[in-house]
Amino acid sequence: MSQNKSILLIYTGGTIGMIKGGDGSLKPFDFEKLTSEIPELKKFDVELSAIAFKKPIDSSNMNPKTWVYLANLIGQHYQQYDGFVILHGSDTMAYTASALSFLLEDLCKPVILTGSQLPIGIRRTDAKENLITAIEIAASGNTPEVCVYFEYKLLRGNRTVKVNAEHFEAFDSPNFHALAEAGVHIKYHQKVSCIIEKPLKVYEQMSSSVALLKLYPGIPQEVVKAVLNSNCKGIVLETFGSGNASTQIKFLSVLESAIYNGKIILNISQCLAGAVSQGLYETSSQLEKIGVISGKDMTTEAALTKMMFLLAQDLPTEELKTQLTHSLRGELS
Ligand code: ASP
């Protein structure tokens, strides 16, 4: 364990910050009294500071503005701290982790998101272990990127998906190995140190001109048209298997004219693991031909937030398309 490291905890809301009040109801935990509530934290050689959202939010209320706010908060305190732990509801944690990975360029310190399935004040809670280990990982400096730590696994933030609403093991990263596993010791599978420390660049905008269209057999043409003819410039298209979709002319022609009208369509698989491979089947060759972009093995969370991030930069269309297919923060293989 590293000596004298300083860690900033940011509490946004969610189950992890709840304790039982005198009347038995759950209420937000007072982060000012963090170490008295969790005495285990006193055993760390870590200086802990905490910032809590004035009004903690259930993560279902998370949005791009708050992602930018969080990124700025990290930017403002970047020099002062060795690492950051963000306490967040689990429901949209994978989106926040993905968004922050794009908003924070040349990040050289760990930003670890964690949460819990049971409130911190409940006997069988998973919150304490998640919080304590997340702090230990942040202080180690071994993974200077945006990560999710949950139930003994440290995952790359923009590869993470929430896979279970019931089990303590709520997250997975099907297309990328875990960065570390916590057993008796924390075993890092990849230790990265930032050799050339470029200054952190914090981006301050996310576009809201993004839609998600999940295909399913029998999807009405009006639904496809409504999304593609909306004001949204970027569309993440969730297709079947390795990026396949209907070959019906009326479906393809709506996609083709949307692309002709300047829309960017990014193909992501509905499968959790594996990648889009346009052209492997006849049912994806047409998509390739009309200019749909392959999102390869990105998660939907990473694809949506990457689209929001890139569209906000007003890049020339060809540059934007190139960036979508290249790994910016390790989000695709
Ligand atoms: N609904 C909660 C949230 O995402 C669940 C949790 O805290 O894990 O904020």
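Here are the numbers for this structure:
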{"read-out": "Residue in segment 64-77 that is under 13 Å from Gly14 (Cβ atoms), within 16 Å of the ligand (Cβ to nearest atom) and in contact with a helix residue (DSSP H, G or I) (Cβ under 6 Å, 6 or more places away or on another chain) present", "value": "no"}
{"read-out": "Subset of segment 110-126 that is charged (D, E, K, R) and surrounded by fewer than 21 Cβ atoms within 10 Å (Cβ to Cβ) - its residue that is farthest from the ligand (Cβ to nearest atom)", "value": "Arg123"}
{"read-out": "Members of segment 10-59 found to be within 16 Å of the ligand (Cβ to nearest atom), touching a residue at least 60 places away in the same chain (Cβ under 8 Å), farther than 17 Å from Arg123 by Cβ and among the hydrophobic types (A, V, I, L, M, F, W, C), listed by number", "value": "Ile10"}
{"read-out": "Single match in Asn164, Asn142 (criterion: under 27 Å from Ala275 (Cα atoms) and outside any strand (DSSP E or B))", "value": "Asn164"}
{"read-out": "Any chance Glu331 is free of Cβ contacts under 8 Å to residues at least 40 places away in the same chain and either closer than 30 Å to Lys109 by Cα or surrounded by fewer than 22 Cβ atoms within 10 Å (Cβ to Cβ) (or both)", "value": "no"}
{"read-out": "Qualifying position, being touching a Lys or Arg at 6+ places or on another chain (Cβ under 6 Å) and modelled with pLDDT of 95 or more, among Val210, Val254", "value": "Val254"}
{"read-out": "Close pairs from segment 197-224: first over 30 Å from Lys109 (Cβ atoms), partner of a type in the set (Asp, Glu), Cβ under 6 Å, at least 6 apart", "value": "Lys214/Glu238"}
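The values are calculated or read from the model by the stated rules, or taken from the named source; none is laboratory data. Computed from a predicted model, the values in this text were never measured in an experiment. With ideal geometry, Cβ positions are generated from the backbone for all residues, glycine too; neighbour counts draw on all protein chains shown.
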